[in-house]
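The values are calculated or read from the model by the stated rules, or taken from the named source; none is laboratory data. Since this is a predicted model, take the numbers as computed values, not measurements. Heads up, the Cβs are rebuilt from the backbone with ideal geometry, glycines too, and the neighbour counts pull from every protein chain shown. Side chains included, ligands, DNA and RNA excluded: accessible areas come from the protein's heavy atoms. Shrake-Rupley method; radii C 1.70, N 1.55, O 1.52, S 1.80 Å.
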Amino acid sequence: MKEKIAKILDSAESIACFFHKNPDGDAVGSALAVKNFFKEKVEVYSPGIIPEVYMFLKGADGIRIYSDFDEVKRAEVFLVLDCADDKRIPHFDRNKANIVINVDHHETNTFFGDINLVEPDRASTSEIVFDILKVADVSRISPEVAECIYTGLYTDTGGFKFSNTNKRSFEIASELVDYGVNPSRVASCVYESYPFRRMRLLALSLSTLELHKDGKIASMYVTWDMFKKSGAYPEDTEDFVNYTRAIKGVEVGIFIRELFSSGVKVSLRSKSKVNVAKIASLFGGGGHFNAAGCELNCTIQEAKNLLINAVSAFL
Ligand SMILES: [Mn+2]
């Protein structure tokens, strides 16, 4: 399968890469690895703004942000990365490509591609992309390509902290260092380069932190008013949810962000026992065992109560 995908990508005249809304380091890293490997023939499209912390990756400033699918050019291959469902790509029109390739590691993947490479046991999509690129041509894996892949693996394992971190993660990381990655540079770019406005927002959000159910559940939220007060943007809330899980005794952390239009976006994190992807799927969302999310058309308080009740049933 990887040989087949490598061949298709290598011989294609044009490739367009896509990933989900609210892109994270794995989504951006996977796509930019492909861009930096196959160069000019690749165009990377994002349905939303790229979080500022990933702008250090080579090619990040060339990502096309689109609001309407009319802005997306026809391509021989649509390569969809780190995306469980093509419904998560707004207005996705597969008829603008000859072939859709779906490369992902979400257990909930819907196999929407013409070719589907889905490996739920992998910590990141980036490392699957790494496999494909190595098959295509190891000599073209530059330090920049390796850095994109490393960033995906590094962020999806929460800096090699989450339960998806295993021997294989470190082996891949070690291999990527051989290809020229500087781990301390990536760590500093990702976790020590936040805009100040993010910290102002975090201070406001942390004041909403609460424990429920004998301290097994923690919740925290961000309102539109807090965005206005801090000058921060929705993409600045990436990783806020991890503060809920960071508390001793907490099994499940809930983070709720008020959406501009209406409704809320919920992020769920668990330490080990609780499958939050299952809980998120009750509300039309999805994700991984320890990290998942969903959107709800209700207020923050309503979402908080709904989620606390749903999570309690799994404790
Ligand atoms: Mn991922």
Considering only the range 140-159, I want to know if a residue exists there that is open to solvent by 30 Å² or more (accessible area, probe 1.4 Å), over 20 Å from N242 (Cα atoms), of a type in the set (V, I, T) and in contact with a helix residue (DSSP H, G or I) (Cβ under 6 Å, 6 or more places away or on another chain). no
How about the range 190-213: which of its residues are touching a residue at least 12 places away in the same chain (Cβ under 8 Å) and within 19 Å of I308 (Cα to Cα)? S205, L206, T208, L209, L211, H212, K213
Can you tell me how many residues within the range 157-181 are more than 21 Å from V34 (Cβ to Cβ) and more than 16 Å from the ligand (Cβ to nearest atom)? 4
Of all residues being among the polar types (S, T, N, Q) and open to solvent by less than 20 Å² (accessible area, probe 1.4 Å) in the range 81-117, which is nearest to the ligand (Cβ to nearest atom)? Just the residue, please. N109
Tally of residues being hydroxyl-bearing (S, T, Y) and either over 17 Å from D85 (Cβ atoms) or at pLDDT below 95 (or both) across the range 14-44: 1
Considering every residue within the range 143-156, establish whether at least one is away from the ligand (no atom under 13 Å from the Cβ) and over 20 Å from the mean Cα position of the chain (by Cα). yes
Name the residues in the range 215-228 that are over 24 Å from the mean Cα position of the chain (by Cα) and farther than 20 Å from S261 by Cβ, would you? G215, K216
What residue, among those in the range 268-315 that are among the aliphatic types (A, V, I, L, M) and within 16 Å of the ligand (Cβ to nearest atom), is farthest from D156 (Cα to Cα)? A280
Within the range 246-269, residues farther than 21 Å from I50 by Cα and at pLDDT 95 or above come out as I247, K248, G249, V250, E251, V252, G253, I254, G263, L268, R269
Within the range 13-26, restricting attention to residues that are small (G, A, S) and under 20 Å from A97 (Cα atoms), which residue is farthest from the ligand (Cβ to nearest atom)? S14
Can you tell me which residue within the range 276-313, out of those that are modelled with pLDDT under 95 and assigned to a loop (DSSP other than H, G, I, E, B), is farthest from R122 (Cα to Cα)? G284
Find all pairs meeting these conditions: Cβ atoms under 7 angstrom apart; at least six residues apart or on different chains; first residue within the range 75-97 and farther than 21 Å from V129 by Cα; second residue among the basic types (K, R) and more than 16 Å from the ligand (Cβ to nearest atom). K96/R74
2 or more residues among the hydroxyl-bearing types (S, T, Y), open to solvent by 30 Å² or more (accessible area, probe 1.4 Å) and at negative phi: qualifying helices (runs of 4 or more DSSP H) within the range 165-267: 183-191
Residues of the range 121-142 classified as part of a helix (DSSP H, G or I) and either of a type in the set (D, E, K, R) or closer than 13 Å to L32 by Cβ (or both), total: 10
Looking at (1) within 19 Å of K4 (Cβ to Cβ); (2) in contact with a strand residue (DSSP E or B) (Cβ under 7 Å, 6 or more places away or on another chain); (3) not small (G, A, S), can you tell me which one E119 breaks? (2)
From the residues in the range 121-136 that are open to solvent by 40 Å² or more (accessible area, probe 1.4 Å) and free of Cβ contacts under 8 Å to residues at least 60 places away in the same chain, which one is nearest to E76 (Cα to Cα)? K134
